[in-house]
1. Any idea how many Lys pairs in the chain come in under 16 angstrom at the alpha carbon, given 8 or more places apart or on separate chains?
2. With the other protein chains left in place, how much accessible area per residue, in square angstrom, belongs to region 16-116 at a 1.4 angstrom probe?
3. Could you give the spread of the C-alpha atoms of region 1-94 along their three principal axes, from largest to smallest, in whole angstroms?
4. Whole-Hz ³J(HN,Hα) for each residue in region 151-164, computed from phi via Karplus 6.51 cos²θ - 1.76 cosθ + 1.60 with θ = phi - 60°, x for glycine and proline: what do you get?
5. Any chance you could run the full-extension gain for Glu24 through Ala2? It's 0.36 nm times the residue separation minus the Cα-Cα distance, nm to one decimal.
6. Here are some values of volume of the Cα convex hull per residue in Å³: (1) 184; (2) 133; (3) 197. Which one was computed from this structure?
7. Which net charge results when you count Lys and Arg as +1 and Asp and Glu as -1 among the other residues whose beta-carbon is under 12 Å from that of Asp170?
8. Go ahead and run the numbers for FRET between Glu122 and Ser67, Cβ-Cβ distance against an R0 of 35 Å, rounding to 0.05.
Amino acid sequence: MAEIVVRLQDGEEHSFTSGITAGEALKALASNKVRKQTIALRSNGRAVDFSLSLSRDTVLEPIVTDSGPGLDILRHSAAHVMALAVRRLFGEGVKVAIGPAIEDGFYYDFDRSEPFTPDDFEQIEQQMADIAAERLPFEREEMSRDEAIEYFRSKGEVYKVELLQDMDADRVSLYRLGDFVDLCRGPHLPDSSWLRVFKLLRVAGSYWRGDENNPMLQRIYGTAFFDKKELKKYLHRLEEARKRDHRRLGRELSLFTIQDQSG
């Protein structure tokens, strides 16, 4: 087989047999410290999983835990873990829509007849912790758009089918986590064990695709960090913001207090 040259950005380079994965090349090129901090890579500038097969000369750049892109990957992966947890707890009758990373966290939209409750949050968080302990790999698959449409249609995933029908692409990527399969570009964490620090925050109604003529879905918001201290600081900021809002509301309401003018 052909030989390719893989270089670690600002580091070592080596010749490998074509077909080596990005993760295998990283293991050969990077120090143990760098490997422990790396959750994904950029291959010639494109964010990819460790499992990507390399077939040409490549420059690899580690995406590490203490970076904005690393945090985005953690949170996007957390959304998939949450979706799997919801499916395990509430069954195949729950339809899934979209679950991206957002500023300060992530969310996933669910179509479920019953409302989610605070008790459900406790169960979902416990199930997410169990999934993390299982060290489930995030496995990338590719198929044609038409094949993906038929796959999700067979599963009754009407929202995924609609998204695919609107896509202008010959091939699409899917990610498997346990028995949950999602339409997604990735990349993701190497496996679920990286998700150790997370918190579900609230649930809100959200129209599918922001259109009031579409079904109302339930959007569960959460956040995730690599460090417990960062989560604690974030939750503290949220609590302080709520307190300020309450004080502001109290001041505004006092403007409308009716005082007794008699006597």
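1. Numbers: Lys27/Lys36; Lys95/Lys155; Lys95/Lys160; Lys199/Lys228; Lys199/Lys229; Lys199/Lys232; Lys199/Lys233; Lys233/Lys243.
Here the count comes out as 8.
2. Details: 4250 Å² over 101 residues.
Computed with neighbouring chains in place, this is 42 Å² per residue.
3. Principal extents (largest minus smallest coordinate, Cα): 49, 32, 22 Å.
4. Taking θ as phi minus 60°, the curve returns 4, 5, 5, 5, 8, x, 8, 5, 6, 5, 4, 5, 4, 5 Hz for region 151-164.
5. Working: separation 22, 0.36 × 22 = 7.92 nm, distance 1.68 nm.
That pair, Glu24 and Ala2, stretches by 6.2 nm at full extension.
6. Computed from the coordinates, volume of the Cα convex hull per residue in Å³ corresponds to (1).
7. On the way: positive: Arg145, Arg171; negative: Glu142, Asp146, Glu147, Asp168.
Within the 12 Å Cβ shell, the charges total -2.
8. Numbers: r = 31 Å, r/R0 = 0.89.
So, using R0 = 35 Å, E works out to roughly 0.65.
The values are calculated or read from the model by the stated rules, or taken from the named source; none is laboratory data. Treat the numbers as computed from the prediction; the structure is a model and nothing was measured. Note: ideal-geometry Cβ built from the backbone for every residue, glycine included; neighbour counts use all protein chains shown. These area figures cover heavy atoms from the full protein model, side chains too; ligands, DNA and RNA do not enter into them. Shrake-Rupley method; radii C 1.70, N 1.55, O 1.52, S 1.80 Å.
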